[in-house]
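Structure, as structure tokens:
The values are calculated or read from the model by the stated rules, or taken from the named source; none is laboratory data. Model, not experiment: these values are computed from the prediction. Note that we place each Cβ from the backbone using ideal geometry, even for glycine, and neighbour counts take in every protein chain shown. Remember, those area values only see protein heavy atoms, side chains included, never the ligands or the DNA or RNA. Shrake-Rupley method; radii C 1.70, N 1.55, O 1.52, S 1.80 Å.
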Amino acid sequence: SDGLRFAVQNPPKIGLPQSLAEDAAGQVWVGFHPFGLARYRNGRFDFFTESDGVPGGNVDALHVDHAGRLWIGSLRGGLARLDDVKAERPEFRRYSVTQGLSSEQIFSIAEDQAGRIYAAAGGFVDALDPETGRVRRLKPVEVMPQAEVRLIFTDRTGALWFGSSSGLSRYVPDQRPPKPPEPPSI
């Protein structure tokens with residue numbers, strides 16, 4: 001009756017909630033295992049799947065950035081961005097290895113003070129500039145050598161914390177926004 005009809009089917013078509021986030025409009029977003037994303041607003045859920053543009057597989061990471069955009073990370077479909085969280089039928093912009101990500105597996109998402117998005121992506125950490133779409137893979141020395149980062153957190157000073165099976169590391173990114181590329185000279 002609340003919009004999650006899939007959860008009460010036997011066997012259930014969706015499983016466990018894996019991630020949670022609240023946007024600036026007060027809507028709660030829930031990522032599910034083995035697939036799907038739900039938005040809770042006005043007392044009911046709207047459920048979105050791959051056919052709506054949500055990345056496939058477990059939705060293990062959700063992050064609302066400084067501009068109010070919702071970032072979605074999954075274990076099979078890479079990263080997606082939703083600019084208009086209030087839209088009746090949201091349009092998801094997808095990022096994958098085709099756009100430069102290291103992997104389609106996204107475990108965690110965070111943002112630095114310059115607005116770059118960091119994704120723990122299949123053993124690497126990628127830094128994405130949302131304005132240009134450019135992706136830069138952090139070097140192991142910047143993150144943690146020989147470790148698969150599964151968790152990223154930004155503290156109030158702007159430092160990024162990376163958690164993995166090898167331990168914990170702290171990284172302080174350049175806080176300046178990325179420079180636009182130089183115009184080509186001919």
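Before moving on, here are some points about what is shown:
- Qualifying positions in segment 38-76 - out of contact with any Ser or Thr (no Cβ under 7 Å at 6 or more places or on another chain), in a loop (DSSP other than H, G, I, E, B) and closer than 20 Å to Tyr118 by Cα: Val54, Asp65, His66, Ala67, Gly68, Arg69, Leu75, Arg76
- Failed criterion for Arg150 (all others in (1) free of Cβ contacts under 8 Å to residues at least 24 places away in the same chain; (2) open to solvent by 40 Å² or more (accessible area, probe 1.4 Å); (3) in contact with a strand residue (DSSP E or B) (Cβ under 6 Å, 6 or more places away or on another chain) hold): (1)
- Looking across segment 107-134, just one residue is acidic (Asp, Glu), open to solvent by 10 Å² or more (accessible area, probe 1.4 Å) and not in a loop (DSSP other than H, G, I, E, B), and that is Glu111.
- Lone unmet requirement of (1) touching a strand residue (DSSP E or B) at 6+ places or on another chain (Cβ under 9 Å); (2) modelled with pLDDT of 95 or more for Ala67: (1)
- Complete set of residues in segment 26-37 that are free of Cβ contacts under 8 Å to residues at least 40 places away in the same chain and outside any strand (DSSP E or B): Gly26, His33, Pro34, Phe35, Gly36
- The residues in segment 77-91 that are outside any loop (DSSP other than H, G, I, E, B) and either of a type in the set (Gly, Ala, Ser) or open to solvent by 30 Å² or more (accessible area, probe 1.4 Å) (or both) can be counted, and the count is 1.
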